[in-house]
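Each value in this text was obtained by applying a stated rule to the coordinates, not by laboratory testing. Because the structure is predicted, anything quoted here is derived from the model rather than measured. Neighbour counts run over all protein chains shown; Cβ positions are idealised from the backbone, glycine included.
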Amino acid sequence: MPRRSYESLRSARWFAPDDLRSFGHRSRFMGAFSADLPCIFLPASPMLRGNWKGKTLGSGSDTWKYWDKRRAGKLSDAEWLEVEGGIARSHGTCMTMGTAATMMAITEAIGLALPGASSIPAPDASHPRMAAECGRRIVEMVWEDLAPAKLLTRESFENGIAVAMAMGCSTNAIIHLVAMARRAGCAVGLDDFDAASRKVPVIANIRPSGDTYLMEDFFYAGGLPALMARIRRHLHLGAATVNGRTVGENIARAEVYNDDVIRPLERPIYAEGALAVLRGNLAPGGAVIKPSACEPRFLRHSGPALVFDDYPSLKKATDDPGLDVTADHVLVLRNAGPQGGPGMPEWGMLPIPAKLVKQGVRDMLRLSDARMSGTSYGACMLHCAPEAYVGGPLALVKTGDRISIDVPARRIHLEVSDAELARRRAAWTPPAPRYERGYGWMFSRHILQADQGCDFDYLETSFGAPVREPDIF
């Protein structure tokens, strides 16, 4: 056996992460990209749809909905426990279009999973069959020396972006795909996502962008190959995949079996893609919003800011029935980004103040440098870059300042003069360093901002050769 093939067989990667909402999914692939080792993805796959009193429940999305009903006094403790018991009926990942389903679909779209693998429900008998096929195929890939450098191109990642838009993807897709592409030496950025969002409509009628269906229904409707066949004009059909065939060959015979689950292009859920990137004096590096999952009235909005420097303060205030807030306010949370969190926690779906929840308010404009769960929804502007903790403009906002957004124009603006912002900048004091040594010290000095994928700067592939294991045999 050639030395390269033997090393690859010892080190080939066959991934089956338990929780794709974490950074674990991307980091395993990025390690394989850095070492240029053959790799294939075995999706954990979505759980079965939930059920409560004859209603279909979707993980995450319905949790938030019924939690707000409980906060409003319209759901008893006993009913809440019943919802908890009915929302996760099997093993598997979230069955809404959360980060797990998003990243499984993207990974298949860029060519790193077997065709159709990302859509199979976890308890389905096809899942262990697909797992066995992944095991066979990774051995073949080693013999073929089919490593990421031979498989992945910029076109591969553009296919991932197009599929993300059509699926109604999680906002986390941007951070993860940017990081993966940069590590693979095929850099994409926020502008690529925004350009795709102008062309590719949301056609997957799956919560939270859709109003009815879940991933189990998507599988029965034809799964990802069927959706990709519908958007074929937006894909690079000649891109390679792990099974040795092109994207075009893999989807040539795909069919849609339910036009309400996977909509025709002329009857989409949302006429543009799932995500939009806003820029302006408040977010020169961009802020991300999921317009397909927020109330249309917030696509153009202006309101006074209500600013919080940390999550405990935000939570305490929003639980206060006497909080001075209206539905027109813009809730702002800062110091929750890559360094400020630290680690950019999923705090971005800021809770609607209890006072407003009891008035029937279920959405309002919210802004942060945090992330949010892909199962979340609402008018949440996220990943504001640069983050406040490192001195981004978000650090300069004061309660009462007016914030305006225009999603069609891709604009976010703090209605404060340049002169006043300069005065605030001069008075701003950086936070004291948290760490003096160890991993925290290293993290603070090398983690990139959200618009660059939150990878470590020294792991980019723009310099240096791939890491190789020593030949110890």
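Observations, loosely collected:
- Shape descriptor for the stretch 281-414: Rg over Rh equals 0.92 (Cα atoms; Rh from the Kirkwood inverse mean 1/r).
- Kyte-Doolittle mean at least -0.5, axial Cα span of 18 Å or more - DSSP H helices of the chain: 126-144, 154-167
- Packing around the peptides 399-408, 95-104, taken as the average count of other Cβ atoms within 10 Å per residue, puts them in this order, highest first: 95-104, 399-408.
- Volume per residue that the Cα convex hull of the chain spans, once the total is divided by residue count, Å³: 153
- The distance linking the stretch 135-158 with the stretch 339-390 is 37 Å (Cα centroid to Cα centroid, whole angstrom).
- Share antiparallel - DSSP beta bridges, the chain, percent rounded to 5: 60
- The mean sequence distance of close C-alpha pairs (under 8 Å, at least 6 residues apart), as a share of the length of the stretch 100-248, puts its relative contact order at 34 percent.
- Relative to one another, the C-alpha centroids of the stretch 195-221 and the stretch 398-435 are positioned 35 Å apart.
- Each Cα pair under 8 Å and six or more residues apart adds its separation to the average, and for the chain the resulting relative contact order is 16 percent.
- Helix-derived mean residue ellipticity, 222 nm - over the chain, DSSP H n ≥ 4, -39500 (n - 2.57), to 500: -10000 deg cm²/dmol
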